Each structure stands twice: as structure tokens, then as C-alpha cells.
1. Just to verify a number: FRET efficiency for LEU116 and ASP183, C-beta to C-beta distance, R0 = 30 Å, to 0.05?
2. When you count, for each residue, the other Cβ atoms within 10 Å and take the mean per peptide, how do 174-181, 829-836 rank with the highest first?
3. Given labels modelled 7 Å from the Cα in the Cβ direction, how far is it in nm from TYR230 to TYR740?
4. In Å, what Rg and Dmax follow from the Cα atoms of the chain?
5. What is the spread of the Cα atoms of the stretch 510-665 along each of their three principal axes, largest first, in whole Å?
6. Please work out how much length the chain gains when fully extended from ALA540 to ARG420, using 0.36 nm per residue of separation minus the C-alpha to C-alpha distance, in nm with one decimal.
7. Long-range amide H contacts for ILE169: which residues qualify at under 5 Å (H placed 1.01 Å from N, peptide plane, sequence gap of 5 or more or a different chain)?
8. Can you give the charge dipole size of the chain about its Cα centre, rounded to the nearest 20 debye, using +1 on the beta carbon of Lys and Arg and -1 on the beta carbon of Asp and Glu?
Amino acid sequence: MTKPTISQTNDEAVRTGLSVSAIKQAILDNLYYLQARFPKVASLNDYYLALAYTVRDRLLYRWIQTAQTYLAKGSRTVCYLSAEFLLGPQLGNNLINMGIYDEVKMAVKELELDLLKQEKEPGLGNGGLKLDLDCLLEQEKKTGLGNGGLGRLAACYMDSLSTLQVPAIGYGIRYEFGIFNQDIHSGWQMEITDKWLRLGNPWEIPRPEIAFDVNFGGQTERFIDSKGRYQVRWIPSHVVKGIAYDTPILGYQVNTANFLRLWKAEACESFDFQSFNVGDYYGAVDQKVVSENITKVLYPNDEPLTGKQLRLQQQYFFVSCSLQDMIRIYLQREHSLAGFHQKYAVQLNDTHPSIAVAELMRLLVDEHQMDWEQAWEITEQTFGYTNHTLLPEALEKWPVSLFSQILPRHLEIIYEINQRFLNIVRKRYPGDENKVRSLSLIDESGERYVRMANLACVGSHVINGVAALHSKLLTQDLLKDFYDLWPEKFNNKTNGITPRRFLVLSNPGLTQLITNRIGDSWIKNLDELRQLEEAVDDPAFCHEWRRAKYEAKVSLSAQIKARTGIVVDPESLFDVQAKRIHLYKRQHLNALHIISIYLKLKKNPQIEMAPRTFIFGGKAAPGYFMAKLIIKLINSIADVVNTDPATKEKLRVVFFPNFNVKNGQRIYPSADLSEQISTAGKEASGTGNMKFALNGALTIGTLDGANVEILEEVGAENFFLFGLTAEEVSKKKQEGYSPYEQYQSNPELREVLDSIRSGLFSPDNPGLFNPLVDSLLSHDEYMLLADYPSYVECQRKVSEAYLDKERWTRMSILNVARMGKFSSDRAIREYCQEIWNVQPVVID
Ligand code: 26W
């Protein structure tokens, strides 16, 4: 691994030296001066924090270099506004990106040896601490400030922006509590609060001096200002202060360190002495509590809308802080905001930050006295909007009543934007009030709503989907009217993943094998993986390839045993479905297939099939009853199948608890088969599909989201395709789909569904899963019964293929070799060239 180029003066050696001895000394220094601990009594977490600060020191240098360079050059900057950033653990990733993973591993090993030497001396100690890098990596509390795909994509994009040396700031919310931790109690999901900040967070730098006031509620008043201009003043009912916390985002083998600026809400007055003096003690801290609540917790919903007031306050809070911060930085160099859109390319990560369109107008017009037309021109040229879902129930719309209560000035601005916009619409489509109704920012039906997707489309000069199929469906369906009006605004940017975290860090075995074969420049140019194609004919390489996969499966088997008590056979086919639990992702279709095999094995334990271990992982939104029932069903099937002597040799089912970035890094390398079985037209892209394939898993999937492009890249012969296409799904819906007919006409399917309803998997509560079976037999919204036959048939082909080890290895190598397109570097290069028009800035 070539070393980074930062020039080091020797007196900085201990503080920023990259040698094993410098790092070792720095860890000991930090243990002493930061943790106030000496080795003999220090805990693992003390060592973890000491190491984290040691690494942080070594990236701070780059961070300051980067900030100074950008300031000097006034570089055009990408601002990625996202309500979620699913960073995962930072230590390992920073070691990889700094190229000091081995040095640190060595330094920690030497520290352990010193400790062991000391152990021999009498007196109290930390009882033979197991001190190695893996244990310290284990210590890190994950940064789970996101739900799933959208949040993780934002994190991968920040990694690529730094690696491609593009000036960028990620703006988001510093939730005190991130995504809940998932425990499974007697088969049911239990949510455990994520106290990620309890032991401190070494990766963030508080910026108390970067603070902004954010208004809420109250009313507005008009006045004529000193220059005779008509102005509007907003008199809020309460003001909250937003404080910045910065987390450095290091690029891979570059000197660029961009940052993530996350906002924490605090009371302007944390203690109101007046009310205290009159004995109203609770009143004295009431403001504090109310204000801090705004960034207290992440909404654990992934798609179904909540429409909760606090959610809108969270969205406005971080958007206002972020735009005020951009203006502060801009006015450090400029005296007017006329060129604001030339400095900043602001990306709206779905509609969650789309209030930014109205907030930038308020700041330009009300706070900086710009006239409306110029302000609007700047606003539209500043924003780009990425849509991540087609599900109607996930599209955000806020009651006008709530808006007028919380954001009265923004409602006025939205009405003004709408009026001017609908004038354009009426000119373009004279007399077509249907167009007006569907394009309007206001949904006038029933309780009136503000449509955030419409605001995002009107306020942005570019709109993109996250996979080719998704972007096409957006123009044909969800945003059809906007596409007809502004086709030039629409484009596609297929998602990507960072190969640093999801291969180099999480799969060192396969990484070494690949690097030994083609060198290591593939880590920054993933298309170079194509060079692996010729290795399919190299038996030694193929053997090594199988061994790397086997070792990953062995280590996951140990994790599964440790967390669930279930013993699995690493020789068996690891069939994995890991993603948020959602009806459209069809984890229950996977469960129906498992039951069909179980029933077949019960009848004839000798049937020829590759022993299989089905592994599930994924959280359900706490209020999502059906998703929780699916988790229970999977665990109930596991209890029966894993203990049935007739089947347990050939069949194992595991629900791996608390699927998150950290556990994903364990699961992706160990899968043989990746389940991407959503109803065609429902999964916008998927990114787990890319992570599994990049780690050598073969995909069984529908023509949905990015599966379509994965199949195109790897070749139909290396992909297990089944199911209806998106067109066939909508056609079948139009023609009228009766799931009950599927049930009646397919005896095997009928037996499977009847076994569930008979209580085979819930003997003490036979009707437990009826809600699931009934919904499938009545309307089956996601076409499971229609896709069941081709799915089961495809799975039979999978089993057959797996029995042919050479063929399977060949397909696995070709999958990895052809995954170059799905690097987040490729996606970010496209965003930079086709949307943001921003150039890299090299940091010396
Ligand atoms: C309002 C609640 C809510 C919260 C999150 C609605 C919608 C969301 C996200 C848009 C859901 C999400 O994560 N979508 C996923 O985004 C990924 C990144 O583009 C895609 O790969 C997934 O297909 C998509 O489901």
C-alpha cells in the first residue's frame, strides 16, 4: 500500500508521524494526556479513544491544509444537504484512507506485548487486556445517523467527493440518538435507544463559534424600509440556536479532507433566571428542553411518512443553519450575494431538505434585501434535487395549517412561488386546469397540503433519479407533468458504493487476492477490476478465490453462533437478504420459498439440493406492523426448520440481529447469493445489491432498480433473473390481478400458504400470521404470488449451479470483474460533470 505524501518535519513526528514507533508513542501519550490513564489500568475503550485521537491528529493536518486551500482559491463547492448520513464506524475507514492500517495494527500489537511484559509485574492491572486492532475497532460506537439506502449513499458520496478532491461540505443533523439498535426477543424486534455519544465521539470537532439563530412560529408583518422598499419582517414565537459539529471526511490516498457539518439544537437562553427567580423552576429550563428536542432523535422511518411536526422542525432547522453558514462563508470573500450560485452547487438529498428553496428566498429577499426575480434566478441555479423513491406514501406533503403555524413566512413565500409558477403553467397549457392542479405546490384537495416534491422540482434547475429504470419511471409516472414541462431538467445518476469501505476494509482476504493479481490502483479506478476476467481460467486463482469466500463465511458463522446460538455450516450456500424490512422488498417471498423447500424435504429428505443457509438482516420501522410480523415469521420458521431432524442438515434459517453498516461489513463478504427480489418498479436503485456483487456474491433478482444495470454489466449468464418486469406489473394491475387465482392454480403455493395459516410455525398462536396471508390472498399489492413460480424455479437453478463449484467460482469472479461501474467515484464524477459543474482542487 503506497504511503501518503504529506511532508513531516521530525519534531511533529510524535504528533503526526506515520511510523509504527511514532504511532505507538502517540497512543501512549493520548492514553496519558487525554484519557488520564496508564496502560496497566486502561480499558479497551480508553485504548480505542487514545488510538482514535492519534489518528485524528494525523488527519487534522490535511483538514486544515484543505480548508486553507479552498479559502485561498474560493473554490466552487458542492453542498450535500441530507437529513441522514449513515457513516458507520470511522476508525477502520480512516486507517485505510490514510494508508496506515498495517502500521497501526503493528503499533497496537507492540503495545500488547509491552502490556504482557508488564503483566508479569505484581499489582492491580486490567487483567490481561486482549489488545489488538480488531478489538479496538470493535469498541467504536457506530455513527448511525440514517435509516438505510439514502443515508448510506450520502456517506459513500462524501468518501468519493474527498477521494476525487472535489471541494464539498456535507450538511446534516447531529441527532443525539441515531437509528435504534435492534434486539430480537422470542422472534420479535425490540428497539434499543442508540446512545452513540455516551462515551464521547473522537471524530467530531465542536464549533461553538459557528452558531446561528433559527426562527419558528409567530407571524409576519409588512413595512416599507428606509429605501422605500416593501419588506416583510418575521416575528417568531421562539428562536433556537444551531451549533456546528464538524467531522473530517478523508479521501483515499489524497491530502483532501472535506468535512461533514452537523447541527445541534440548543436553547438561546439555556436558563431563564426570571422564571427561576419566581420559583417556576421547570419554566426556567423549558426553553432548553423544547429547543434541544429538535435534534434529539432520528425518525426511524424509511419510506412510510410520519408527518410529525418535529420532523418538519428538524428539516427546517438544519436547512436554515446550513444556508446561513454558506452565506457567512461566501460573504467572507464577497460583498454581495449576486454570485452565490456560482460558488455553491447545493444537492437536495430527496425532499427532506427541500424547504431550502423557500429558505434561500427568505434569506436573499428578507434578510439581504434582494429583489424577488434576482433571488429566484439564484435559487433555481443553486439547487439540484435527487429523488430516491417512487412509493407514493413516501412523498412528503405537509398540512398548510402546520406550515402556517411553524413557518408562516415560508408559507407566504411558497404561495408567491406557486402563483408565479402557475402563471407559467397556464401560459404553457392554457385552460388545462388538471395540469395546474397536479403541478401546483399546494394540494387543494381536502385538508390542503404543501407538496415538497413539487417545491423541489420548481426550485431546482436539475432533477435526477438514482438508477436508469427509476429515472425513466419518474418521467413516465411520478413527475410526468414536470417532465413534460421541463424535460431538460431531468437526468439519471445511477447510485454507487465506495470500494474502500465495502471491499478493502470489510474484505481484506479478497482485496489481497485481487491486488496480488492486478495491483492496487483498482481501489481508485474500479473499472480496472475487468483485468480479473482472464483469471477465471487460472485454477490456482479460482481455488484462492473460493478460500477467501470460505474464510469470510467461517468468520460470519462464528458471529452468527455468538449472536443467535445457531450453528451454520460454512460449506453450505449462504443465501442472504439484508436490507430494511419492507413489503415491496418482499422478504416474505423469500420466506415462502424456504417453506416450500422445508415441506419438500419433509416429504423426501433425500432430494438432491445444495445445503443452504438462509440469512436475513434488517430493521423494521417501529410503527410498521407488517414489517415486524415478517421478522417474527422468519424467526418462527427458523425455530421449526433448524430443530427438525429431517431438514436441519440441509436447511438453516438465521435472522442476524441489528443489521447496520458495521454488521453489513461482516455479512457482504460472506454471501454466495444476494437476494434482490423487490417488485419490479418499486426499488429505486438498491445499493446492497452492488455491495454483495462486489464481494463475489451472485444475484437472484428482478428487473428492478440497479439490478437491471448489474445484469447488463455482469451478463445474463452470470445473473439469476426472475419475475415480472415493471411494465408487466403495471399492465397486470391495470388488467386486474387476482392473487387468489394464483393460490388456487398452484398446489405447491397453496400448501405453503396453508402451512402458515395452519399454525405450523406458530403452534401456540395459529392465527398469528393471518394478516400476512390474508393480505397476500386478498390484494397482494406487491405481486408475490404472481412472481412465486418463476422465483422458485430460479432458485432451483441456483441450487444446481452451486453444486458445480468451478462454474460458480467463474460466475463469481466475472461478477466482481464487471462491477467497476458501481463505484461511487463514477457516480460522483457524473454529478460533477453533468450537474454541479465543479472541478477537483488538489491539496499539496
Ligand atoms: C419520510 C420518510 C422517508 C425516509 C426516508 C421517506 C423516504 C426515505 C428514503 C428516500 C428512503 C430510502 O432510503 N430510499 C432508498 O434510497 C436508496 C439510495 O438512493 C436507493 O438505493 C433505494 O432503492 C431506496 O429505497
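Read-outs: derived from the displayed coordinates by stated rules, not from any lab. Small disclaimer: the values here were computed from a predicted structure and weren't measured. Neighbour counts run over all protein chains shown; Cβ positions are idealised from the backbone, glycine included.
1. 0.25
2. Values: 174-181: 22.2, 829-836: 18.4.
Ranked by mean Cβ neighbours within 10 Å, highest first: 174-181, 829-836.
3. Inter-label distance under the simple model: 6.2 nm.
4. Just the Cα atoms of the chain yield Rg and Dmax of 27.8, 92 Å.
5. 47, 42, 28
6. On the way: separation 120, 0.36 × 120 = 43.20 nm, distance 6.81 nm.
Length gained between ALA540 and ARG420: 36.4 nm.
7. Those qualifying (amide H under 5 Å, at least 5 residues apart or on another chain) are VAL78, CYS79, TYR80.
8. Working: 94 positive and 103 negative charges, 116 e Å.
Its charge dipole is roughly 560 debye.
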